[in-house]
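Just below is one structure, and these are the notes that go with it.
The values are calculated or read from the model by the stated rules, or taken from the named source; none is laboratory data. No experiment lies behind these values; they were computed from the predicted model shown. Note that we place each Cβ from the backbone using ideal geometry, even for glycine, and neighbour counts take in every protein chain shown.
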Amino acid sequence: MVGVVAYGVTADERPLLERALGEAYDLRCLDLVLNRDTVATAAGRQMVCSGVNDVLDEEVLRILADGGTELVTQRATGYNNIDLAAARALGVTVARVSWYSPYAVAEHRGPPRRPDQRQHARPARCG
């Protein structure tokens, strides 16, 4: 069975990941951020599921590759936290979310504002 470790998993994500992957994969969900201090927890796992707070620089990717990781899947559209050139050189495939539904709810937002603090969008003038 293919081993998968998912980093930065929140309490609401865990049952979704377990339902989606639990039967077909040896899934391990961690609430840790993936970086050089925590990368050893991926040893022997062929797949790593990362988030935007994880740091997948050349050092981390090298340790992942040496430990048997072949695929990194990013649970976000952004991938600026992943050294793609290093991943390519090490033979690690990287995948990410290509887009979100326009009907999706934002995961993060600022604190609520009082009516007098709100800024309203104004249409741009052309010409």
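Points to keep in mind about this one:
- Residue in the range 89-98 that is of a type outside the set (A, V, I, L, M, F, W, C), more than 18 Å from Arg45 (Cα to Cα) and either touching a His at 6+ places or on another chain (Cβ under 7 Å) or in a helix (DSSP H, G or I) (or both) present: no
- Consider the range 15-60 and keep the residues that are touching an Asp or Glu at 6+ places or on another chain (Cβ under 9 Å) and among the basic types (Lys, Arg). The one that is surrounded by the most Cβ atoms within 10 Å (Cβ to Cβ) is Arg45.
- Among the residues making up the range 14-26, those that are under 15 Å from the mean Cα position of the chain (by Cα) and without any contact (Cβ under 8 Å) to a residue 24 or more places away in the chain are Arg14, Leu16.
- Across the range 80-110, the number of residues qualifying as touching a Lys or Arg at 6+ places or on another chain (Cβ under 8 Å) and either exposed (fewer than 13 other Cβ atoms within 10 Å of the Cβ) or at pLDDT below 70 (or both) comes to 1.
- Only strands (runs of 3 or more DSSP E) whose full extent lies in the range 5-79 are considered here, and the ones with at least 3 residues that are closer than 24 Å to Ser98 by Cβ are 47-50, 71-74.
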